[in-house]
Amino acid sequence: MISRSMIFIIGIILVVIGVGLFAYYENYVKPERESKELLTEAKLIFERGDKDSVNHAINTLNKVIAKYPKSKAIPDAYYYIGRCYEKLGLNRLAYLKYNYLLKNRAGTLTKQFKKEILVRLAHLNIIKQYSEEGINQLHDLLNESFNKDFRSKVYSELGHTYLNLGKYTEAKKMFDISLNENGSNEDAILGKARAIKRMGHDNKAYDLYEHFLKYYGPISQYTKDVKRSYKEQAYKSGLNAFRTARYYDAISFFNRVLKNFSYDKKSENAFYWIGECYFALKKFDKAITYFNRALTNNFYHKDHDAQLKKGFAYFMSKRFDLAAKEFQIYLNNYPNGKYAPRARDWKKQSTEELILRIDRKKLPKVQETPETEEIPENNAAPEEESISHEKDEEVSGDNRYLLLERGGKIKLENVAEL
């Protein structure tokens, strides 16, 4: 005979099992079932073929992605969104969806599914063209729909069409209209940034990239590509500005790299090149500050350059004792370093300058000559040395020169390397 306590324990076990089964059903079985039902519904709507039905299918598929992000139906949902875009003539958007699947969902795709996606991509590459006929077809789509989200996508597609044709002003106009229809159209935001960048307004373009990363970065499928592109573009803008002697512009661009990508190895380069900018502006204390930051962060690939240029900065500001010290630090840290011979030469030069100045202070004062007495030409006082800074150029690693004029010219190499 089963005791009451045993019955109670068995009851508790059954309740726990029931709760577990219910939780499993709610968290796994039910979402999978509902997502597959929605996916099937979207496919049937897509098969109708008319534009309104295809647009309805896109909305349904987006609902699957938003509501059931862990469902096994997600790759199919992205794939059929791509098919819908193809049906509407929005080939670039379709291309992005297929490409997203291959780049970010490859582990969940079967070999056959991958082949189907590659076929779609090949098809799009073959028919890819930006003709007047295609533009007219997109305008016809606008005349057939008043759905703001759909119209925003069409205007965005027009923007990218003009962008590929090199008509950047028209492209920006289309992206602006697209955002007026739907202000959260990520594709239009990024397209507008690209158009502005190609129009030569780098800072405005980068402001848009930062707006995108701030408000859409955590959830957007484009975030990874945007970050990589923004980092490279901002860094290149900095280098281009530096090479054309627009040093304050260069500092602004490199600061964008530091602000948004402080964790990346490009931050080491950005610190170094800001130091170079201030060096070129003859603001040697600020240059030293940024060379120090390059030397003390978590990256090391610009340390040789920064250490040597720190010595140059002290030399150019006529603090020859500190210059000699920095060149010696280079030799201590990198006895066989690529700039070791230069560090030895410049340590010697710094020491000689320091000794020369000390010796000058030891010279007795010259007795003042009466105004009426002429000074013999061969007894003229020596001119104080002057320092000139040649125009910056960068064709290879060592091609910028600093000149010390004291009865001759001394070459001070630029050790900067990209």
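The values are calculated or read from the model by the stated rules, or taken from the named source; none is laboratory data. What you are looking at is a predicted structure, and each value in this text was computed from that prediction instead of being measured. Here the Cβ is made from the backbone with ideal geometry for all residues, glycine too, and neighbour counts use every protein chain on show. Surface accessibility is based on the protein's heavy atoms, side chains included, excluding ligands, DNA and RNA. Shrake-Rupley method; radii C 1.70, N 1.55, O 1.52, S 1.80 Å.
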_Suppose the chain between ARG48 and HIS201 were pulled fully straight at 0.36 nm per residue; how much longer would it get relative to their current alpha carbon spacing?_
50.6 nm
*Farthest positive-ward along the stretch 125-263 dipole, Cα basis, beta-carbon charges - from ILE135, SER220, SER152*: SER220
_LYS224 accessible area, 1.4 Å probe, all protein chains in place, Å² to nearest 10_ = 140
*asked:* Suppose the chain between ARG105 and ALA245 were pulled fully straight at 0.36 nm per residue; how much longer would it get relative to their current alpha carbon spacing?
replied: 45.9 nm
*Got a sec? Which residues in the stretch 266-281 would a label at HIS301 touch, if it sits 7 Å along Cα→Cβ and we count backbone N under 14 Å?*
266-273
*Provide the per-residue ³J(HN,Hα) series for the stretch 325-342, in order, calculated from phi with Karplus coefficients 6.51, -1.76, 1.60 and θ = phi - 60°, each as a whole number of Hz, with x at glycine and proline positions.*
4, 5, 5, 5, 4, 4, 5, 5, 7, 10, x, 10, x, 5, 10, 4, x, 5
*Can you run phi through the Karplus equation (6.51, -1.76, 1.60; θ = phi - 60°) for the stretch 158-173 and list ³J(HN,Hα) in whole Hz, with x for Gly and Pro?*
4, x, 5, 4, 5, 4, 6, 7, x, 9, 6, 5, 5, 4, 4, 4
_Accessible heavy-atom area order of MET199, MET6, highest first, probe of 1.4 Å_ = MET6, MET199
*Partner lysines for LYS63 [C-alpha distance under 17 Å; skip if fewer than 8 residues away on the same chain]*: LYS30, LYS36, LYS43, LYS72, LYS97
*Please turn the phi angles of the stretch 182-190 into ³J(HN,Hα) values with the Karplus equation 6.51 cos²θ - 1.76 cosθ + 1.60 (θ = phi - 60°), one per residue in order, whole Hz, x for glycine and proline.*
8, x, 9, 6, 4, 4, 6, 4, 5
*Peptide ranges 226-232, 329-335 listed from the most packed, as the mean C-beta count within 10 angstrom indicates*: 226-232, 329-335
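Past the 30 Å Cα-Cα mark, which pairs from LYS283/LYS348; LYS103/LYS338; LYS111/LYS266? Numbers along the way, then the final one.
Numbers: LYS283/LYS348 24 Å; LYS103/LYS338 40 Å; LYS111/LYS266 37 Å.
In this structure, LYS103/LYS338; LYS111/LYS266 exceed 30 Å between Cα atoms.
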*Set of lysines with alpha-carbon distance to LYS173 below 24 Å, sequence-local pairs under 8 removed*: LYS128, LYS148, LYS153, LYS192, LYS197, LYS204, LYS214
*To the nearest 20 debye, what charge dipole does the stretch 209-358 have about its Cα centre, counting +1 at the Cβ of each Lys and Arg and -1 at the Cβ of each Asp and Glu?*
120
